[in-house]
C-alpha cells in the first residue's frame, strides 16, 4: 500500500486510501464525514458574508447559513458515500481479477 503521506494535501483529506483493498467501515465513515464537513463549511461562510452584505435580519442570516450548510452537507455526504461504495466495488473487482489470474 502506498504511504498516505505521499498523497497531496487534498487527497489526504478527502480520500487517503488506495483502491487495492476495500475500505473498512471506519475508513468509509471517515471519508463520508470528511466530505460532509469539509465542503459545507466554506460555502456556509460565503453565504454568511453574502447575507451580511444584504443586511438581512439576524433570523434571515441564521436561516440562510443553516439551510446552506445542511443542504450542502447532505449533497456532499451522499457523494462521499457514493465514492466509498464505488471504491469498494472496484477493489472487490480488482481482487477477484487478481485471484482469477493468479497474481499476488
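Quick notes on this one:
- Test: residue in the range 49-59 that is surrounded by 16 or more Cβ atoms within 10 Å (Cβ to Cβ), more than 15 Å from residue 15 (Cα to Cα) and more than 17 Å from the chain's Cα centre (by Cα): yes
- Checked against (1) touching a residue at least 12 places away in the same chain (Cβ under 8 Å); (2) surrounded by 13 or more Cβ atoms within 10 Å (Cβ to Cβ); (3) farther than 16 Å from residue 45 by Cβ, residue 92 meets all criteria but (2).
- Per this entry, residue 78 is not counted among residues that are farther than 20 Å from residue 19 by Cα, modelled with pLDDT of 90 or more and either part of a helix (DSSP H, G or I) or out of contact with any helix residue (DSSP H, G or I) (no Cβ under 9 Å at 6 or more places or on another chain) (or both).
The values are calculated or read from the model by the stated rules, or taken from the named source; none is laboratory data. Predicted model only: the values in this text are computed from it and were never measured. Positions of Cβ are backbone-derived with ideal geometry, glycine not excepted, and every protein chain shown enters the neighbour counts.
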